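Below is one structure, written out as structure tokens, with a few remarks after it.
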Amino acid sequence: MIALFILNGVTYAHTGAHSESHAKTWSLNKENKTFKADYIAFKDGYVSLKDMSTGVVSEFLLTDFIMEDQLLILKRHELTAHINGHFASPIPIKKSSSGLKMSKINMNLSLVILSLLLISLLLYFRNSDQKSPLAPVLFSFVFFVFVACSVEEALPETPDTAVPDEIVPPANSNTSNSSSTTTDSTTDSSTGSEGNTNDSDLLTSIQSHFAAYTGVSISADDEYFYIASYSWPEHAMGTGIQSWQEQVPIPQNYQGDNSWAIPLNPTMAETPLDTSEHLLKGALAVAVNGVPIFNVLNNRSENAFLIGELDNWGGHFGRGDDYHYHMIPTHLEDEIGTDTPLAYALDGYPVYGYTDEVLDNAFGRTDSEGNYRYHASLTVPYYIPFMMGEVTLDPTSIAPEDQIIPQAIQNAVRPSDDFKPVNGASVLGITETGKNAFSFEYEVSGTKYYVNYSWDDDCKFTYTYVDENGGTTNLPTNESIGTGTGNTETFNNARFCVDVSLGEGGSNASNDSTTSSDATDTTSDSDTTVGYSVSSALSNFTLSSIAIDEDGALLSDYQCEEKVNGVEKSIPISWANVPEGTGALAISIHAFTNTAVVETNSYLTLWNIDPSITEISYGQANNGKWYMGPNKDGVGISYSSPCNPSGNSSTYYMTLYALSETPSSLPTENSLTVDYTVLKEAIESVTLIDSIEMEYISGPSN
């Protein structure tokens, strides 16, 4: 049940750097009492409500409320029960029914005939001098015959053929007995841009749109497809926020019956919702990397982007301790391309990036296959000014701060009701400092501050607050730290634990400060070792990669990378202490074949890297302001990941060159001709100031 996710920190919707939530006012029958609270769940006759001022969750009997509130609660619970039913078993099976039922049309006709019968009887007894019993008997006979004919016997439904929770299309989709409703042809009410297809093909296509992100999984029943994720993106977070309200992120438990539910077969609404007047609470869409997307307007109806609340990726952190976007993440197109959806709106329609096509008032259009889709726009509000599909609004929420249901629940740890904006703060980013350990870095008036936090296997969360010198006083926290706790807080969240890692090993925050790890790290030495590093014999010039363990073995997650649009994700690389006088950097990853004549395979070749750059994030070798050589096969501009099908281990060499300048013999564009051998020859024409070579192995045992 969704109620399993309830705890003293659970919240339905974010407020980010926002004002206090506009909770609903509830009324109790017997006590004649009213109070404000957010609806959480309804289970076994009890209603759970959260007092947003204290964070306390209380339970009440449904019958304690006035009838109007009871109806709202039951309506709110209806969709939640549908999701719970799906996740109660990995095999969605329709329940059998028996007994009698009357169709709505026949029932209405029966009521009309009954009314006529009563009127006829009344006139008969008032006006007839000789009252024969035949007439009323005849009327009664006709009425009951009609009612009997109107009643339909409900035959038990045949249970559907077992369908795995994870979607696997049947061998013959035309004869599939899956729990999904078969659609002979798609129209503008179908999901995606798949054209004429049945539901099995549709679901397979939807699943493929999320396939690039291993932290996301898709399941489905006959009404919704479900997005399960931890809302923990592979890119960095936080960098660039200029309006921050003390939140830092943890992964979210958007799993099981707390997954995001998206209609499989969306329907156009008769009256689209204006998102400037509705849906300021909760998500409007979910990106293909599993991160929800909220309205660009916060709950004060302010544009979150224009007032500096968003980071360089269009997201920030809410009071649910969650990370979410307020803009369409068009940067994902660098990884998945421009011809697939970037997100799905909660009304079921897909969301794409920018386009030159003519869009309607909802920033949407009907594609060549007759399917409706939304697009990102440079015009305020940037996406979905009108929610075009049919949605259900939470009856316990109040416009404009209402929300679509079903809606996944966020999993907060720190009580945030006292959090306030930190004046003058600029968020620099988040750095991974160990297993499930992170350092959140921000700057105020030239001084850097850190929120260092981590959690253990027992879901104990520890937060430590310091400045760049390790100081613990005069911290710009607006006294949000509890009285008597010093600069450290601990919280228990027994319903959540998951191991996570920043996909690219950290954000763009400065790497020249060691304060976060040296002065304040709360983890053990064994936990703080991140990746593999080597240094030059001539200086403190250092090369590192979190993809390689401390024994110099490439982690299995970075082997045999799947190609997306012909490109494999490159290994994450970082470096520090670039020597003075360096005019350009170059990188090579290569291996030597084990033959009588030594040959070289080139896995990555980069040149003309600006010396101010200190890292290449995971999968970003193809996207920098430098030039790139061919993959191992020499047929494309890309990185090649190690993948040894023979079962043997292989040795690889990563070399970082600090050069006086980029060799003039190298082309000023990407080139299939510049491999390791060509790069080495070109370097001989300039001054090699320093270099670092990292040797590592890759094999099935890693």
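The values are calculated or read from the model by the stated rules, or taken from the named source; none is laboratory data. Remember, it's a predicted structure, so these values are computed and weren't measured experimentally. All Cβ positions, glycine included, derive from the backbone under ideal geometry; neighbour counts span all protein chains shown.
Checked against (1) within 22 Å of TYR226 (Cα to Cα); (2) free of Cβ contacts under 8 Å to residues at least 40 places away in the same chain; (3) not basic (Lys, Arg), ILE336 passes all but a single condition, namely (2). Annotation note: of LEU656, LEU604, LEU666, LEU679, the sole residue that is assigned to a helix (DSSP H, G or I), touching a Phe, Trp or Tyr at 6+ places or on another chain (Cβ under 8 Å) and crowded, with 16+ Cβ neighbours inside 10 Å is LEU679.
Here's the yes/no breakdown for (1) within 19 Å of ARG373 (Cα to Cα); (2) assigned by TED's automatic domain parsing to the domain that holds MET388; (3) at pLDDT 90 or above; (4) not small (Gly, Ala, Ser):
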| residue | (1), (2), (3), (4) |
| --- | --- |
| ILE218 | no, yes, yes, yes |
| GLY238 | no, yes, yes, no |
| PRO251 | no, yes, yes, yes |
| LEU264 | yes, yes, yes, yes |
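The single condition from (1) among the small types (Gly, Ala, Ser); (2) closer than 30 Å to SER539 by Cα; (3) surrounded by 20 or more Cβ atoms within 10 Å (Cβ to Cβ) that SER638 fails is (2).
Before we move on, is PRO272 closer than 24 Å to THR355 by Cα, in a loop (DSSP other than H, G, I, E, B) and not basic (Lys, Arg)? For PRO272, the condition - closer than 24 Å to THR355 by Cα, in a loop (DSSP other than H, G, I, E, B) and not basic (Lys, Arg) - is not met.
A residue that is modelled with pLDDT under 95, in the same structural domain as SER205 (by TED's automatic domain parsing) and part of a strand (DSSP E or B) can be found somewhere in the stretch 373-392. Of the numbered conditions (1) touching a residue at least 40 places away in the same chain (Cβ under 8 Å); (2) part of a strand (DSSP E or B), GLU443 satisfies every one except a single condition; which is it? Of (1) touching a residue at least 40 places away in the same chain (Cβ under 8 Å); (2) part of a strand (DSSP E or B), only one is false for GLU443: (1). Looking at this structure, is GLU68 at pLDDT 75 or above and either under 23 Å from GLU401 (Cβ atoms) or assigned by TED's automatic domain parsing to the domain that holds ARG300 (or both)? So GLU68 fails the test. For the stretch 399-419, the count of residues that are more than 30 Å from LEU49 (Cα to Cα) and either modelled with pLDDT of 95 or more or buried (at least 19 other Cβ atoms within 10 Å of the Cβ) (or both) is zero.
Yes/no matrix, rows are residues, columns are (1) assigned by TED's automatic domain parsing to the domain that holds PHE210; (2) over 30 Å from LYS569 (Cβ atoms); (3) modelled with pLDDT of 95 or more; (4) in a loop (DSSP other than H, G, I, E, B):
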| site | (1), (2), (3), (4) |
| --- | --- |
| GLU277 | yes, yes, no, yes |
| ASP311 | yes, no, no, yes |
| ARG319 | yes, yes, no, yes |
| HIS324 | yes, no, yes, no |
| ILE328 | yes, no, yes, yes |
| LEU332 | yes, no, no, no |
| ASP360 | yes, yes, yes, yes |
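Tell me, yes or no, whether the stretch 246-262 has at least one residue that is part of a loop (DSSP other than H, G, I, E, B), buried (at least 24 other Cβ atoms within 10 Å of the Cβ) and among the hydroxyl-bearing types (Ser, Thr, Tyr). Checked against the condition, which is being part of a loop (DSSP other than H, G, I, E, B), buried (at least 24 other Cβ atoms within 10 Å of the Cβ) and among the hydroxyl-bearing types (Ser, Thr, Tyr), the stretch 246-262 yields at least one hit.
For every residue, the table says whether it meets (1) at pLDDT 70 or above; (2) over 31 Å from the mean Cα position of the chain (by Cα); (3) part of a loop (DSSP other than H, G, I, E, B); (4) within 21 Å of ASP418 (Cα to Cα).
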{"site": "GLY16", "(1), (2), (3), (4)": "no, no, yes, yes"}
{"site": "TRP26", "(1), (2), (3), (4)": "yes, yes, no, no"}
{"site": "LYS30", "(1), (2), (3), (4)": "no, yes, yes, no"}
{"site": "ASP38", "(1), (2), (3), (4)": "yes, no, no, yes"}
{"site": "SER48", "(1), (2), (3), (4)": "yes, no, no, no"}
{"site": "SER53", "(1), (2), (3), (4)": "no, no, yes, yes"}
{"site": "LEU74", "(1), (2), (3), (4)": "yes, no, no, no"}
{"site": "HIS77", "(1), (2), (3), (4)": "yes, no, no, no"}
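Applying a threshold of 8 Å to beta carbon distances and a minimum spacing of six or more residues, or different chains, the list of pairs starting in the stretch 350-361 at a residue that is under 17 Å from PHE386 (Cα atoms) and ending at one that is basic (Lys, Arg) reads PRO350/ARG373; VAL351/ARG373; TYR352/ARG373; VAL358/ARG365; LEU359/ARG365. LYS632 meets the conditions (1) exposed (fewer than 15 other Cβ atoms within 10 Å of the Cβ); (2) at pLDDT below 90 in every case but one. The failed one is (1).
Condition test on ASN469, is it within 21 Å of ASP499 (Cβ to Cβ) and in contact (Cβ under 8 Å) with a residue 24 or more places away in the chain? Taking the combined requirement at face value, the residue does not satisfy it. Residues that are polar (S, T, N, Q) and at pLDDT 90 or above within the stretch 570-613 comprise SER570, SER574, ASN577, THR582, SER588, SER602, THR605, ASN608, SER612, listed in sequence order.
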